[in-house]
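To start, the structure under review is shown below, and the notes come after it.
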Amino acid sequence: AQSVTQLDSHVSVSEGTPVLLRCNYSSSYSPSLFWYVQHPNKGLQLLLKYTSAATLVKGINGFEAEFKKSETSFHLTKPSAHMSDAAEYFCVVRAFSGGYQKVTFGTGTKLQVIP
Amino acid sequence: DAGVIQSPRHEVTEMGQEVTLRCKPISGHNSLFWYRQTMMRGLELLIYFNNNVPIDDSGMPEDRFSAKMPNASFSTLKIQPSEPRDSAVYFCASSPRDREVNTIYFGEGSWLTVV
């Protein structure tokens, strides 16, 4: 079984303040974890991914995420929000078992950045 | 790299008409996915192919939906007959090699409105 929980459907921050988007997961396998961003009327773009190497993963646009196995979490952070960060963010889990793959998307977190 | 290419980008059609959405995956990728995104249901996996073979079509809503991948560089998603509740954004995505660590790359989406 596999699931992804994005704990906040909406997050609002002021420009220049830190961003924290939370993601918890469960998987019976050894998954890889991803964060994608979707700007309005656009497709999904990869921000970063964890693939069992370093637990702290750096992505594009100053974002990073830390994989914590004991907490089954993969929270996304950024030290200082920019107006262009306003978008929807998806946490994704991908795993293979017996030649069959399972990709599970979270329900998304909409980030609002206030000037 | 041209990315995943979808067409049409936007389509408005009348209820009962046939709709065909097209996708060209990134060259060399052997996994292809079709997703549907709506406000109510978020992102749903409809079907995925591995090496042109449908592996999991459990997400296809009903018999009105069908998907084909005649070769490694082309896939179609067909809805016949279309209904207003099919209005959504349909994303095609592809991934290199069948491993969980590999990124899934998304197209820009096909925005379907059925009136």
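Here are some notes:
- Computed log10 I(q)/I(0) for the stretch B:39-115 at 0.14, 0.16, 0.27 Å⁻¹: -0.50, -0.65, -1.63, from the Debye equation with unit scatterers placed on every C-alpha and solvent omitted.
- Average Cα contact separation per residue, the stretch A:11-72, under 8 Å, 6 or more apart, as relative contact order %: 23
- For the peptide B:49-55, the mean number of other protein chain Cβ atoms found within 10 angstrom of a residue's Cβ is 1.
- Relative contact order %, chain B, counting alpha carbon pairs below 8 Å whose residues are six or more apart: 37
- Between A:ASN41 and B:ASN52, the distance separating the two model label sites (each 7 Å from Cα on the Cα→Cβ line) works out to 3.7 nm.
- Relative contact order of chain A, taken over Cα pairs closer than 8 Å and 6 or more residues apart, is 36 percent.
- 15 Å cut-off, amide nitrogen to a point 7 angstrom out along A:LYS110 Cα→Cβ, residues in the stretch A:3-34: A:8-13
- In range of the label at B:ARG22: residues from the stretch B:44-84 whose backbone nitrogen is under 17 Å from the point 7 Å along Cα→Cβ: B:67-79
- Peptide A:33-46 is shielded by partner chain Cβ atoms: per residue, an average of 4 of them sit within 10 Å of its Cβ.
- Sites matching GluC sites (Glu not before Pro) across the stretch B:41-113 that sit in DSSP coil, with at most 15 neighbouring C-beta atoms within 10 Å: B:GLU62
- Residues in the stretch B:73-94 reached by a label modelled at B:GLU62 [backbone nitrogen below 13 Å; 7 Å Cα→Cβ]: B:80-87
- Here's the list of lysines a cross-link from A:LYS78 could span, going by alpha-carbon distance under 19 Å and ignoring same-chain residues fewer than 8 apart: A:LYS49, A:LYS58, A:LYS68, A:LYS110.
- Footprinting exposure proxy for B:ASP57, A:ASP85, B:ASP63 (fewest neighbouring C-beta atoms within 10 Å first): B:ASP63, B:ASP57, A:ASP85
- Reach of B:LYS78 by Cα under 20 Å, taken over lysines that are not fewer than 8 positions away in the same chain: B:LYS24, B:LYS68
- Sequence-distant residues sharing a close amide H with A:HIS82 (under 5 Å, placed H): A:GLY16
- Reported to the nearest whole Å, the Cα centre-to-centre distance from the stretch B:3-73 to the stretch A:1-50 is 23.
- log10 of Debye I(q)/I(0), alpha-carbon scatterers only, for the protein assembly as shown at 0.16 Å⁻¹: -1.14
- Ranked list, fewest to most other Cβ atoms within 10 Å of each Cβ, for A:LEU56, B:LEU77: A:LEU56, B:LEU77
- The residue list A:ASN61, A:THR77, A:GLN101 was ranked by how far each Cα lies along the charge dipole of the stretch A:38-115 toward its positive end, using unit charges on Cβ atoms, and A:GLN101 comes out on top.
- Projected label distance in nm at B:MET39 and A:TYR29, using a 7 Å step from Cα toward the beta-carbon: 3.5
- Neighbouring Cβ atoms from other chains, within 10 Å of the Cβ of residues in A:48-54, number 2 on average.
FYI, it's all coordinate maths here, none of it is from the lab. All values reported here derive from a predicted model rather than from experimental measurement. Methodologically, a virtual Cβ is constructed for each residue, glycine included, from the backbone with ideal geometry; neighbour enumeration extends over all protein chains shown.
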